[in-house]
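Participant: Handing you this structure, nothing more for now.
Here, each number is a calculation from the coordinates, and none is a lab measurement. Predicted model, so just to flag it, every value in this text is computed and none were measured. In this analysis, Cβ positions are derived from the backbone assuming ideal geometry, glycine residues included, and neighbour counts consider all displayed protein chains.
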Amino acid sequence: MESEYIAMFTTANHIVLIVALKTQFGLEPKRPYIWCDNQPEISIVTGGGMNFKRSRFMNIKYHWVRKAYEKKEFHVNYVESKSNVADLFTKRLPPNPLKYLRGYFMENYFERDNVEEYEDSEED
């Protein structure tokens, strides 16, 4: 959870900077979304009442994410692991999930594979 929390810190930091840049250019940016597949992380960011003892050992600077969320700088949404497109870049996937997630990128260029939504396998 800690490594994903640090990744959210980095993502949120970049989002806030990009929104500020767009505002300086006179644009009116919408509040962006951060999609995450880790529910404890989302709970800590949104202040959902869950208190994790290990989170107190994380570097204090990473808790800036919670303050930025409270200022309504961005939305945080949950995405199921089987629909998380970022897994294409971060994990080794079996063939069915790979073909399913690849469809998000390739549907405009190639015909989408006839692959039904895969079910989680027990071989994780």
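Participant: Using amide H atoms built in the peptide plane, which far-off residues or other-chain residues are under 5 Å from residue 76 H to H?
Facilitator: Long-range HN contacts for residue 76: 34.
Participant: If r is the Cβ-Cβ distance from residue 77 to residue 23 and R0 is 22 Å, what FRET efficiency results, to the nearest 0.05?
Facilitator: E(calc), rounded to 0.05, equals 0.45.
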